[in-house]
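The values are calculated or read from the model by the stated rules, or taken from the named source; none is laboratory data. What you see is a predicted model, and the numbers here were worked out from it, not measured in a lab. Neighbour counts run over all protein chains shown; Cβ positions are idealised from the backbone, glycine included.
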Amino acid sequence: MLLLPKHTYFGASFATVVKEAFGLALALFFLGRYGYTLSQRSSVPPFFGLAIIGVVSALLLFENALLTPIIIIDLAVYAAVIYKFGIDYDNKRLILGLLKAGRLTKTEM
């Protein structure tokens, strides 16, 4: 609330990012404390994807792109990074099976 009068929505967005980062750090602390630790292999791809979409977003924002296409591009890039580096073969088969099962065949239409 202290950032809002002087910095408007930039202050609000910064406060939200700080709050979410603190919540993540707190959650990871308590998960580790109670035996649910994350391996380094499983935690690297999300941060790698986050870094990529951060760079892509910054470049698009500096080019004065609209926010909606930036969000759509970021979502696609993050999903591709997680699919490529963040999940194992069995989960990829599960995802592809669910996507195929969700399509209607011509007889069902």
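Taken across region 12-25, residues that are hydroxyl-bearing (Ser, Thr, Tyr), surrounded by 12 or more Cβ atoms within 10 Å (Cβ to Cβ) and modelled with pLDDT under 80 do occur, with at least one present. Here Asp90 clears all of (1) loosely packed, with under 11 Cβ neighbours inside 10 Å; (2) under 24 Å from Val17 (Cβ atoms) except the condition numbered (2). When region 48-76 is limited to residues that are exposed (fewer than 11 other Cβ atoms within 10 Å of the Cβ) and of a type in the set (S, T, N, Q), the one that is nearest to Ile87 (Cα to Cα) turns out to be Thr68. Considered as a group, the residues in region 50-87 that are touching a residue at least 24 places away in the same chain (Cβ under 8 Å) and either among the aromatic types (Phe, Trp, Tyr) or outside any helix (DSSP H, G or I) (or both) include one that is farthest from Ala21 (Cα to Cα), and that residue is Phe85. Checking each residue in region 82-102 for being small (Gly, Ala, Ser) and more than 24 Å from Ala51 (Cα to Cα) picks out Gly97, Ala101, Gly102.
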